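**Q** Mind looking over this structure? Questions follow.
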Protein chains: 2
Amino acid sequence: MAVLAPTPRTTLKRAPTRGSHEIDTLHRILDLAPIVHVGINVHAQPAIIPTFHLRIGDALYFHGSTANRMFRVLASGEPACVTASLIDGLVLARSAFHHSMNYRSVVIYGTAETVNDATEKAKILTGLIEKLVPGRSKDARAPNETELKRTLLIRFPIVEASAKIRSGGPIDDEEDYESDIWAGVVPLKTVALSPIRDDLLPDSIPQPEYLSRYLKEHQ
Amino acid sequence: MAVLAPTPRTTLKRAPTRGSHEIDTLHRILDLAPIVHVGINVHAQPAIIPTFHLRIGDALYFHGSTANRMFRVLASGEPACVTASLIDGLVLARSAFHHSMNYRSVVIYGTAETVNDATEKAKILTGLIEKLVPGRSKDARAPNETELKRTLLIRFPIVEASAKIRSGGPIDDEEDYESDIWAGVVPLKTVALSPIRDDLLPDSIPQPEYLSRYLKEHQ
């Protein structure tokens with residue numbers, strides 16, 4: 001089991017049994033999360049950027065417009081925090097106090113850098129499209145030179161990171177188990193609905209097979 | 001249409017048509033979001049706390065353990081940023097460059113304070129349980145005095161805030177409309193699955209009606 005070395009800020013102080021530094025666990029949560037939230041300071045004021053991401057190896061990649069001032073601050077190497085959060089269910093305990101959510105989350109501390117190499121950039125942008133819907137990058141028109149220049153691509157290392165996971169049923173106080181209050185978990189799941197074709201798409205263009213596969217896997 | 005006054009940091013610099021300061025819009029997004037992400041500095045390092053929230057009027061409420069150091073920093077009045085993000089769909093444009101997501105997000109800047117009044121605290125904690133599953137607070141055992149004391153309740157004002165919304169289909173470059181690449185939107189939705197009863201729950205206790213209603217509304 002490969003793990004990252006815990007640091008003071010990635011060591012869980014409370015409920016340490018819910019924490020993990022296992023690399024596979026961290027990667028799985030980061031890969032499943034549709035977006036991450038990036039925290040940085042802009043003029044000494046905390047700001048949060050929700051953004052689409054891709055993990056390759058031990059780094060996350062974000063892309064945005066070169067005109068995005070928050071991304072420019074992030075790319076300048078300001079200390080940042082990246083969080084991925086998956087909500088898996090509502091935990092209904094017998095006592096209000098023990099109500100909770102089942103979740104999987106990751107927090108990463110570090111600093112970002114820009115990816116400037118044109119070949120690497122094009123490859124990672126392809127990967128971002130593939131993460132959205134696998135198979136899509138072979139269909140969509142690839143970025144041209146101008147589009148590549150207008151895209152800021154950022155790399156964020158997964159070195160100082162920890163996961164926190166809550167799963168399973170409610171944990172109530174001894175005396176509350178005698179009550180007749182319903183208790184259990186309501187699982188939550190994000191699903192894809194039937195696609196809405198672009199109004200300007202000719203009827204002759206069928207729904208691609210990779211999209212049908214994506215929909216089947218996200219029912 | 002009631003709006004919040006924009007400030008330099010809540011004025012959208014790019015794509016201003018996607019921005020809103022309309023109070024109803026802000027409240028609706030905050031009410032629909034299952035959780036928010038709170039950004040603060042802990043020892044000058046940005047940190048993000050994903051947390052369950054409730055909106056009442058023009059304030060958000062969060063609760064956590066009095067032992068949670070991040071919540072204690074937040075409650076001390078450190079400058080904070082709160083973000084709610086709803087992902088509504090994947091936008092598949094003809095060009096890779098114009099791929100996007102449909103989303104609704106809110107960002108709020110401000111400082112938090114603690115709610116100490118016992119009556120107000122009990123009322124808001126009831127509201128938090130009601131937000132999880134409407135009807136649940138009348139069933140679950142209410143918090144006792146010890147539990148109330150161990151709960152830190154935080155109020156965060158919704159005064160300096162803005163929303164950002166992307167909806168609708170892809171917007172491609174003129175020349176790409178000639179291509180035969182499929183384009184459209186894949187709507188995403190979070191649904192509730194069949195509840196998992198607590199192992200220790202006697203078979204004689206039926207699924208409550210409010211839970212069946214919740215499941216029906218979140219299919």
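The values are calculated or read from the model by the stated rules, or taken from the named source; none is laboratory data. Being a predicted model, the structure only gives us computed values, none of them experimental. Here the Cβ is made from the backbone with ideal geometry for all residues, glycine too, and neighbour counts use every protein chain on show. Ligands, DNA and RNA are excluded from the accessible area calculation, which covers all protein heavy atoms including side chains. Shrake-Rupley method; radii C 1.70, N 1.55, O 1.52, S 1.80 Å.
**Q** Being open to solvent by less than 40 Å² (accessible area, probe 1.4 Å) and at the interface with chain A (Cβ under 7 Å from one of its Cβ atoms) is the filter here; which residues of segment B:97-106 pass it?
**A** Selection gives B:His99, B:Met101, B:Ser105.
**Q** Suppose we filter segment A:163-173 for residues that are assigned to a strand (DSSP E or B) and either at the interface with another protein chain (Cβ under 7 Å from one of its Cβ atoms) or open to solvent by less than 10 Å² (accessible area, probe 1.4 Å) (or both); how many remain?
**A** The number of residues fulfilling the criteria is 1.
**Q** Check whether at least one residue in segment B:55-68 is at the interface with chain A (Cβ under 8 Å from one of its Cβ atoms) and assigned to a strand (DSSP E or B), and report yes or no.
**A** Looking through segment B:55-68, at least one residue is at the interface with chain A (Cβ under 8 Å from one of its Cβ atoms) and assigned to a strand (DSSP E or B).
**Q** Here's a follow-up. Mind listing just one residue for me: the one in segment B:116-138 that is more than 9 Å from chain A (Cβ to nearest Cβ) and among the basic types (Lys, Arg) and, of those, least open to solvent (accessible area, probe 1.4 Å)?
**A** Applying the filter and picking the extreme gives B:Lys121.
**Q** State the number of residues belonging to segment B:209-219 that are facing another protein chain (nearest Cβ under 10 Å) and closer than 17 Å to B:Asp139 by Cβ.
**A** 4
**Q** Across segment B:40-62, which residue is nearest to the chain's Cα centre (by Cα) among those that are farther than 26 Å from B:Glu120 by Cβ and not β-branched (Val, Ile, Thr)?
**A** Selected residue: B:Ala47.
**Q** Just to be sure I understand, how many residues within segment A:1-13 are within 14 Å of chain B (Cβ to nearest Cβ) and either surrounded by 11 or more Cβ atoms within 10 Å (Cβ to Cβ) or touching a Lys or Arg at 6+ places or on another chain (Cβ under 6 Å) (or both)?
**A** 6
**Q** Then there is this: Please tell me if A:Leu148 is open to solvent by 20 Å² or more (accessible area, probe 1.4 Å) and over 30 Å from B:Pro143 (Cα atoms).
**A** On the way: open to solvent by 20 Å² or more (accessible area, probe 1.4 Å): yes; over 30 Å from B:Pro143 (Cα atoms): yes.
Here the answer is yes, as A:Leu148 does meet what is asked.
**Q** Collect the residues in segment B:106-129 that are within 16 Å of the chain's Cα centre (by Cα), touching a residue at least 24 places away in the same chain (Cβ under 8 Å) and within 19 Å of B:Leu148 (Cβ to Cβ), keeping them in residue-number order.
**A** Correct list: B:Gly127, B:Leu128.
**Q** Go through the residues of segment B:187-209 one by one and say whether even a single one is open to solvent by 70 Å² or more (accessible area, probe 1.4 Å) and in a helix (DSSP H, G or I).
**A** Taking every residue of segment B:187-209 in turn, at least one turns out to be open to solvent by 70 Å² or more (accessible area, probe 1.4 Å) and in a helix (DSSP H, G or I).
**Q** Look at segment A:179-208 and say how many of its residues are more than 7 Å from chain B (Cβ to nearest Cβ) and within 19 Å of the chain's Cα centre (by Cα).
**A** 0
**Q** A follow-up question, please. Spot the failing condition for A:Ile181; the list is (1) of a type in the set (Val, Ile, Thr); (2) crowded, with 18+ Cβ neighbours inside 10 Å; (3) in contact with a Phe, Trp or Tyr (Cβ under 7 Å, 6 or more places away or on another chain); (4) farther than 23 Å from B:Leu86 by Cβ, and only one is missed.
**A** Exception for A:Ile181: condition (3).
**Q** Next question. State all residues of segment A:72-91 that are crowded, with 18+ Cβ neighbours inside 10 Å and of a type in the set (Gly, Ala, Ser); if no residue qualifies, say none.
**A** A:Ala75, A:Ala80, A:Ala84, A:Ser85, A:Gly89
**Q** Next up: Pairs please, first residue from segment B:69-80 and farther than 11 Å from B:Gly39 by Cβ, second anywhere and open to solvent by 40 Å² or more (accessible area, probe 1.4 Å) and modelled with pLDDT under 95, Cβ atoms under 7 Å, 6+ apart in sequence or on different chains.
**A** Within 7 Å, the pairs are B:Arg69/A:Lys13.
**Q** Return the residues of segment B:38-59 that are touching a residue at least 40 places away in the same chain (Cβ under 8 Å) and in contact with a Gly (Cβ under 8 Å, 6 or more places away or on another chain); say none if nothing qualifies.
**A** Residues satisfying the conditions are B:Gly39, B:Leu54, B:Ile56.
**Q** Among A:Arg141, A:Arg94, which is farther than 30 Å from B:Pro8 by Cα and open to solvent by 50 Å² or more (accessible area, probe 1.4 Å)?
**A** Going through A:Arg141, A:Arg94 in turn, the sole match is A:Arg141.
**Q** For the subset of segment B:19-54 comprising residues that are within 13 Å of chain A (Cβ to nearest Cβ) and outside any strand (DSSP E or B), which member is most open to solvent (accessible area, probe 1.4 Å)?
**A** Per the criteria, the residue is B:His43.
**Q** For A:Asp176, indicate whether it is within 7 Å of chain B (Cβ to nearest Cβ), acidic (Asp, Glu), within 22 Å of B:Tyr210 (Cα to Cα) and surrounded by 14 or more Cβ atoms within 10 Å (Cβ to Cβ).
**A** Yes; evaluated as a whole, the condition is true for this residue.
**Q** If you don't mind, another one. Which pairs turn up if I take residues in segment B:156-174 that are touching a residue at least 24 places away in the same chain (Cβ under 8 Å) and closer than 15 Å to B:Gly77 by Cα and look for partners that are part of a strand (DSSP E or B) and of a type in the set (Phe, Trp, Tyr) with beta carbon separation below 8 Å, at least 6 apart in sequence or on another chain?
**A** B:Phe156/B:Tyr61; B:Phe156/B:Phe62
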